[in-house]
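Scroll down for the structure; my scribbles are underneath it.
FYI, it's all coordinate maths here, none of it is from the lab. Please read all numbers here as calculations on a predicted model, not as lab measurements. Glycine also receives a Cβ, built like all others from the backbone with ideal geometry; neighbour counts cover every protein chain displayed.
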C-alpha cells in the first residue's frame, strides 16, 4: 500500500514533463523541419477531395484550397506506398 502513492507521484512527475523532455533527450523524434511537415501534409491530405466527396471549400485552409490533381495523387501514392502498387 505504501508503493501506490509513490507510483502516483512518479507518474505525475513524468506526465508533467510532457513530450518535450523526451524530444530533448532523443527518445522520440521531433516532427522535422517545416518543408518536411508540409510535404507530409500534402501527401496525407485529411480534407475531402472534391472529386470523391462533397466540395466544401470552407473546410480547407487557404493554402490548400486547390487539391492536387488525380494523376499526381496516384503517382505520389505509388511512391509513398510501393507495396500497394499493382
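Numerical summary
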| quantity | calculated |
| --- | --- |
| Peptides 31-37, 69-75 ordered by average Cβ neighbours within 10 Å, highest first | 69-75, 31-37 |
| Compactness index (Cα Rg / 2.2 N^0.38 Å), segment 17-67 | 1.61 |
| Förster-model FRET efficiency, 35 Å R0, residue 41 and residue 14, C-beta, rounded to 0.05 | 0.70 |
